[in-house]
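Participant: Would you mind keeping the following structure in view while I ask a few things?
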Amino acid sequence: MDIFSRAIQATPWLRDQSLPVQLPVIALAAIVASVALNVASQLLIPRSKSTPPMVFHWFPFVGSAVTYGMDPYTFFHENRKRHGDVFTFLLLGRKVTVALGPKGSNLVLNGKLNEVSAEDVYGAVTVPVFGKEVVYDVPNAVLMEQKRFVKAGLSTENLHVYVGQIVDEVENFVANDSTFSALKAGKPAVIDTFQAMSEITILTASRTLQGQEIRESLDKSFADLYHDLDAGFTPINFIMPGLPLPANFRRDRAQQKMSRFYRDIVEKRRAAAEKGGLESAAGGYHDMIATLMEQKYKNGRPLSDIEIAHMMIALLMAGQHTSSATGSWALLRLASKPEVIRELYDEQVRVYGDGTPGSFRPLDYETNKTQLPILDSVIRETLRMHPPIHSIMRLALKDLPVPATMGGDGSAGKKSDTQTLIIPKGHSVLAAPGVSAIDPSLWPDAGEFKPSRWLEAGQLKGEESSSTSPSDTVDYGWGAVSTGANSPYLPFGAGRHRCIGEQFAYLQLGTIVATVVRGFEWEIEGGKFPEPDYTSMIVLPKAPARLVMRRRKHAA
Ligand code: HEM
């Protein structure tokens, strides 16, 4: 006899009820019993001193999914106060150990290859979107080579070409998109910040990195494919991959079509080069496809068409939401500090002005990179307060000892509790560099958007700053990067999985913001700064987050 029948037999009242009454009563009793058991086990069974403290949760399996998912930063801050820098929580059946503070980031992001694995956490959600044979579908050594290829594509020569193309796309968007149509009647345009930034991001990324064929297809079927593919990046797929959901079937169809689309481009370019007697199919192109078609693995093998196609999809997806979220937050933060918009404008006049009010020389890469400290500090400060990725995860492949010094960084950590901690093999480990980036014990006026902090001597500097000594750098095969070992500012991560797109993101965002500053003044509609929305995998401004954009008086 099963448990269900036994429960009914053992309860006289229930025995006399019909099945539609029995079922919900039994279900409710089962839930109450499992909650009681779960609570009792947390309160009564003593925790081993060497395992990290566990965040209390009422429901088995669900654990802290709701509180973490709704507002991860409040969740981290509250549990840090209670437990210190290292604690474990249950996330839909998975044990996740959080390691906060710069040392926590170091533990997770600079863990050795045999200690922590990114592919074991990210593979299930990314491989169906990017496709096979790239990124987390290949051994780490292959990914490191693939990152080297991408780095080659982000050459100074290519970046030079991109600045003008980005300006062109932003100006065309403003001139032609219906969002800005009120401007034609001399009125301010009210725009949905994230929607406008998303469109500008994909337009500029496709015109530059992705290549002209992608740019030309954006208005047609490509946009729908992108949408279906992007829908694969949902928290549910991250936690329970492989569910037979209609959205996942659409994702798989879109992946196949998009893969075919890129492979066709590669084939056509190769055929055209052969016909034209060119030695290389890269001739004349400044995009990533051209670079990838020329690259070779260390063993001399060129990339297959599939690898090229799937790396292009990975780059498209990796850059889209991160950059469009950052651009949105930058415009929103600036709107709440009109004096910084003025400083940015004055910087443009100082560096690029040609003497006529409202008239400028075209933006260019070298000047952008070296002579616009205020613009640079605005992007840095935006990423300090609004890093798009709040949680970076790995799987612990073996027991991980927590350094004895953790919690001693002026953080709220409880050193004595964490001294002998071991994060057990099989836990997911989670770094949240965004917590340190707004830690009041590490940053003066931590909660204030203050780009000038990056210009003042003695302030904390960013990951790639001149304060990084050569001994802090490591090369995983795609160029020396800072380990970021003790940095409280890691919006692009650290270690072997560190972002490869930082340079491009800075160029793209800087050029977009400068172009907008040259032409507009703006404010937040209703004046209220939007809250963050954590329900997607990237931190977005909660809707409605609209801007009222007014043409500058001197602008053409
Ligand atoms: C990795 C942030 C833009 C491509 C990462 C990581 C972070 C990050 C935090 C590390 C993830 C981890 O350790 O698990 C950002 C931010 C961006 C940005 C804040 C913009 C503001 C881009 C762009 C591209 C890109 C534009 C492509 C052109 C990548 C790639 C990786 C990566 C390929 C490496 C993944 C790995 O090695 O496992 N990014 N990213 N990102 N990002 Fe970005």
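The values are calculated or read from the model by the stated rules, or taken from the named source; none is laboratory data. Just so you know, these numbers come straight off a predicted model, no measurement behind them. Cβ: placed from backbone, ideal geometry, glycine included. Neighbour counts: every protein chain shown.
Participant: I'd like to check something: does segment 297-304 contain any residue that is part of a helix (DSSP H, G or I), within 23 Å of residue 477 (Cα to Cα), in contact (Cβ under 8 Å) with a residue 12 or more places away in the chain and away from the ligand (no atom under 15 Å from the Cβ)?
Facilitator: no
Participant: Between residues in segment 498-521 that are near the ligand (Cβ under 7 Å from one of its atoms) and residues that are at pLDDT below 95, which pairs lie under 6 Å by C-beta distance while being six or more apart or on different chains?
Facilitator: Within 6 Å, the pairs are 498/481.
Participant: Search segment 44-61 for residues being without any contact (Cβ under 8 Å) to a residue 24 or more places away in the chain and part of a loop (DSSP other than H, G, I, E, B), and hand back the single one that is nearest to residue 34 (Cα to Cα).
Facilitator: Taking the candidates together, the pick is 58.
Participant: State which residue is farthest from the ligand (Cβ to nearest atom) when the search covers only segment 135-164 and only residues that are in a loop (DSSP other than H, G, I, E, B) and within 26 Å of residue 284 (Cα to Cα).
Facilitator: 155
Participant: Continuing with the same structure: Do you know which residues across segment 100-125 are of a type in the set (D, E, K, R) and in a helix (DSSP H, G or I)?
Facilitator: If the condition is that a residue be of a type in the set (D, E, K, R) and in a helix (DSSP H, G or I), then 103, 119, 120 are the ones that fit.
Participant: Scan segment 522-539 and report the pairs whose first residue is closer than 15 Å to residue 239 by Cα and whose second residue is part of a loop (DSSP other than H, G, I, E, B), with Cβ atoms within less than 6 Å and a gap of 6+ or a chain change.
Facilitator: Short answer, once both residue conditions are applied: 537/233.
Rundown of residues vs (1) outside the structural domain of residue 142 (by TED's automatic domain parsing); (2) surrounded by fewer than 21 Cβ atoms within 10 Å (Cβ to Cβ); (3) at pLDDT 95 or above; (4) in a loop (DSSP other than H, G, I, E, B), yes/no style:
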{"position": "500", "(1), (2), (3), (4)": "no, no, yes, yes"}
{"position": "509", "(1), (2), (3), (4)": "no, no, yes, no"}
{"position": "514", "(1), (2), (3), (4)": "no, no, yes, no"}
{"position": "521", "(1), (2), (3), (4)": "no, yes, yes, no"}
{"position": "526", "(1), (2), (3), (4)": "no, yes, yes, yes"}
{"position": "529", "(1), (2), (3), (4)": "no, yes, yes, yes"}
{"position": "535", "(1), (2), (3), (4)": "no, yes, no, yes"}
{"position": "556", "(1), (2), (3), (4)": "yes, yes, no, yes"}
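Participant: Please indicate, with yes or no, whether at least one residue in segment 307-324 is more than 14 Å from the ligand (Cβ to nearest atom) and not small (Gly, Ala, Ser).
Facilitator: Checked segment 307-324: at least one residue is more than 14 Å from the ligand (Cβ to nearest atom) and not small (Gly, Ala, Ser).
Participant: Answer yes or no: is there a residue in segment 165-177 that is part of a helix (DSSP H, G or I), of a type in the set (A, V, I, L, M) and free of Cβ contacts under 8 Å to residues at least 40 places away in the same chain.
Facilitator: Within segment 165-177 (the criterion being part of a helix (DSSP H, G or I), of a type in the set (A, V, I, L, M) and free of Cβ contacts under 8 Å to residues at least 40 places away in the same chain), the answer is yes, since at least one residue qualifies.
Participant: Could you list, in sequence order, all residues of segment 63-108 that are of a type in the set (A, V, I, L, M), under 22 Å from the mean Cα position of the chain (by Cα) and farther than 23 Å from residue 237 by Cα?
Facilitator: Within segment 63-108, 99, 100, 107 meet the criteria.
Participant: In addition: In the set 258, 240, which member is in contact (Cβ under 8 Å) with a residue 24 or more places away in the chain, over 13 Å from residue 310 (Cα atoms), out of contact with any Ser or Thr (no Cβ under 9 Å at 6 or more places or on another chain) and not acidic (Asp, Glu)?
Facilitator: On inspection, the qualifying residue turns out to be 240.
Participant: A further question on this structure: Based on what the data block shows, is residue 134 of a type outside the set (S, T, N, Q) and not assigned by TED's automatic domain parsing to the domain that holds residue 253?
Facilitator: no
Participant: Return the only residue of 75, 87, 130 being farther than 23 Å from residue 388 by Cβ and aromatic (Phe, Trp, Tyr).
Facilitator: 87 is the lone residue from the list that is farther than 23 Å from residue 388 by Cβ and aromatic (Phe, Trp, Tyr).
Participant: Which pairs have Cβ atoms under 6 Å, sit 6 or more apart or on different chains, and link a residue in segment 129-158 that is touching a residue at least 12 places away in the same chain (Cβ under 8 Å) to one that is in a loop (DSSP other than H, G, I, E, B) and more than 11 Å from the ligand (Cβ to nearest atom)?
Facilitator: From residues that are touching a residue at least 12 places away in the same chain (Cβ under 8 Å), the pairs are 129/232; 140/113; 144/477; 145/297; 148/477; 149/295; 151/479; 158/286.
Participant: Can you tell me which residue within segment 327-368, out of those that are basic (Lys, Arg) and in contact (Cβ under 8 Å) with a residue 12 or more places away in the chain, is farthest from residue 166 (Cα to Cα)?
Facilitator: Selected residue: 337.
Participant: Something else now. Could you tell me which residue of segment 385-406 is surrounded by the most Cβ atoms within 10 Å (Cβ to Cβ), considering only residues that are assigned to a loop (DSSP other than H, G, I, E, B) and either of a type in the set (Asp, Glu) or under 21 Å from the mean Cα position of the chain (by Cα) (or both)?
Facilitator: Within segment 385-406, the match that is surrounded by the most Cβ atoms within 10 Å (Cβ to Cβ) is 387.
Participant: Give segment 168-198 a look and list any residue that's crowded, with 19+ Cβ neighbours inside 10 Å and closer than 29 Å to residue 293 by Cβ, or say none.
Facilitator: Across segment 168-198, the qualifying residues are 169, 170, 198.
Participant: Please state which one of 291, 326 is under 27 Å from residue 541 (Cα atoms), assigned to a helix (DSSP H, G or I) and not charged (D, E, K, R).
Facilitator: Checking each option against the conditions leaves just 326.
Participant: Still on this structure, please answer the following. Go over the candidates 277, 242, 284 one by one and state the one that is under 30 Å from residue 68 (Cα atoms), assigned to a loop (DSSP other than H, G, I, E, B) and out of contact with any Asp or Glu (no Cβ under 6 Å at 6 or more places or on another chain).
Facilitator: None of the other options fit; the residue is 242.
Participant: Could you say whether any residue in segment 213-224 is surrounded by fewer than 16 Cβ atoms within 10 Å (Cβ to Cβ), within 14 Å of the ligand (Cβ to nearest atom) and not in a helix (DSSP H, G or I)?
Facilitator: There is no residue in segment 213-224 that is surrounded by fewer than 16 Cβ atoms within 10 Å (Cβ to Cβ), within 14 Å of the ligand (Cβ to nearest atom) and not in a helix (DSSP H, G or I).
Participant: Oh, and also: When residues of segment 111-124 are filtered for being in contact (Cβ under 8 Å) with a residue 40 or more places away in the chain and either charged (D, E, K, R) or away from the ligand (no atom under 12 Å from the Cβ) (or both), how many remain?
Facilitator: Matching residues across segment 111-124 total 5.
Participant: Right, another one. When you scan segment 66-86, how many residues do you find that are farther than 21 Å from residue 440 by Cα and touching a Pro at 6+ places or on another chain (Cβ under 9 Å)?
Facilitator: Total meeting the criteria: 1.
Participant: Residues to consider are 251, 269, 263; find the one that is part of a helix (DSSP H, G or I), free of Cβ contacts under 8 Å to residues at least 60 places away in the same chain, touching an Asp or Glu at 6+ places or on another chain (Cβ under 7 Å) and more than 16 Å from the ligand (Cβ to nearest atom).
Facilitator: 263 is the lone residue from the list that is part of a helix (DSSP H, G or I), free of Cβ contacts under 8 Å to residues at least 60 places away in the same chain, touching an Asp or Glu at 6+ places or on another chain (Cβ under 7 Å) and more than 16 Å from the ligand (Cβ to nearest atom).
Participant: I need the full set of residues from segment 258-289 which are within 30 Å of residue 232 (Cβ to Cβ) and among the hydroxyl-bearing types (Ser, Thr, Tyr), in order please.
Facilitator: Matches in segment 258-289: 259, 262, 285.
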